[in-house]
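Notes for the one structure printed next.
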């Protein structure tokens, strides 16, 4: 491993230990499984034929990616036919340049944004601010972390890592007074604060949950009214989407609406589902004068032709985070990128480089809870294994002790007589030492990391082959 990779690995371990030691964060993460996790499971149980519906949504994604260029071309033609404009960005820098140029060319300086993980991915806020453009997040969670200067800690709940007391402390300086530690009062303050921003904004920027190629429509799914205000009040609406967000037909949308809210928050349907097709038409009372759609690649086309293509099925619901035992212990910030949890452990190395994020493919127990929770059945554990294999090929481990241990184990497994002798010796020595104590509390040297937080099962005092031989004689 390079020095840089070792450093990022140490940073992940350091952040994880800090998260585990943070009692307040542990209480918040503990409630995550009891609330969102439970609601997710109940929502699927209440949906008839849920497995078939999830399979249908998955098949639509699979078929769309198989002919992605055609669907993107159809989407572009449909958007342009309805008065919008389409731009393609190879990477985040190009997308930010396009958006900043659209704003500055018109002499505008005030932007409001609704929640968008894609804009977080390309660090759009920083680019706008650097260009002298005032940018305000209008989703309550995003607004909180913007004021605090934090990264999102969850795909659906960006401020999930903060308690009501934390939020009151963060927003009180903005209010110029000490705000009460009550969720309703804090939300009311944010509503008052943002109302004037909506009224003054010249540009509204959103993400895209789904883009319908057939009609040129974009779909925004949210539980707050800020997305509709962001798209209806400003004179210009700019939407930014990854190339994988396109779906072919309007009728395909129903399958994804059935699974998205259930997977994300346990709801049958989100409070707001907005379908926006181009700028305001003649006779319409609200909506923007201009509609611009920025379609982002940022490494996705490379993933499209790789064995990890399935990662592009993701609809950003956050269900895998809610189910993951690792995420529910270390939270989102330990992952070090915009995307956290199991899907983040796949996407961040793919987008930002595997060597730079060597730790993420190993930040999983491979228990499969993420795949079971995923509304489109992404095989996340299998992809994590593939990334581990790829990492080993690109940056082989230079630990001599570990290499010797693997070679020794391989030699034993290739020789049945040696395996039989080794297991016999282990039961006669180590097995007898722990006959009265079935758990090893502390392992030596480099193995101590395992027993630092959990016990290790001791070797059995009797081999299975001996147990089988004894019992097969007694019971023919």
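Every helix of 4 or more DSSP H residues in the chain counts as -39500 (n - 2.57), and over all residues that averages to -15500 deg cm²/dmol at 222 nm.
For the chain, the relative contact order is 19 percent, taking Cα pairs closer than 8 Å that sit 6 or more residues apart in sequence and dividing their mean separation by the residue count.
Using mean Cβ contacts within 10 Å as the protection proxy, how do 25-38, 178-191, 333-346 order, highest first?
Values: 25-38: 16.2, 178-191: 14.6, 333-346: 25.3.
Final packing ranking: 333-346, 25-38, 178-191.
Taking the average, over residues, of other Cβ atoms within 10 Å as the packing measure, peptides 409-415, 218-224, 104-110 rank 218-224, 104-110, 409-415 from highest down. Ordering 118, 70 by the number of other Cβ atoms within 10 Å of each residue's own Cβ, fewest first, gives 70, 118.
Counting other beta carbons within 10 Å of each Cβ, put 237, 392, 161 in order, fewest first. List each step's numbers first, then the result.
Values: 237 26, 392 11, 161 22.
Ranking 237, 392, 161 by Cβ neighbours within 10 Å, fewest first, gives 392, 161, 237.
Exposure proxy shown here: for 419, 87, the number of other Cβ atoms within 10 Å sets the order, fewest to most, as 419, 87. Look at [x] 159; [y] 170; [z] 195: the one that is volume of the Cα convex hull per residue in Å³ derived from this structure is [z]. Axis angle, to the nearest 10 degrees, between helix 416-428 and the longest C-alpha principal axis of the chain: 80 degrees. Pair-distance distribution P(r) for the range 415-474, from all Cα-Cα distances in 10 Å bins starting at 0: 21, 38, 31, 8, 1 percent.
For the range 47-298, what is the percent of antiparallel DSSP beta bridges, rounded to the nearest 5? If you can, show how the numbers build up before the last one.
Values: 8 of 33 bridges.
Antiparallel bridges: around 25 percent, rounded to the nearest 5.
Where the alpha-carbon atoms of the range 47-298 are placed on the principal axes, they occupy 54, 49, 37 Å, in descending order.
In the chain, the longest principal axis of the Cα atoms and the axis of helix 400-414 are about 60 degrees apart. With respect to the chain, whose longest principal axis is taken over its alpha-carbon atoms, helix 183-200 is tilted by about 40°. Label 7 Å along Cα→Cβ of residue 430; the range 452-472 residues with amide nitrogen under 20 Å? Only 452-467 fall inside the zone, counting backbone N under 20 Å.
Only the coordinates and a few stated rules stand behind these numbers; no lab work does. These numbers were taken from a predicted model, which means no experiment stands behind them. Using ideal geometry, Cβ is built from the backbone for each residue, glycine included, and neighbour counts are taken over all protein chains shown.
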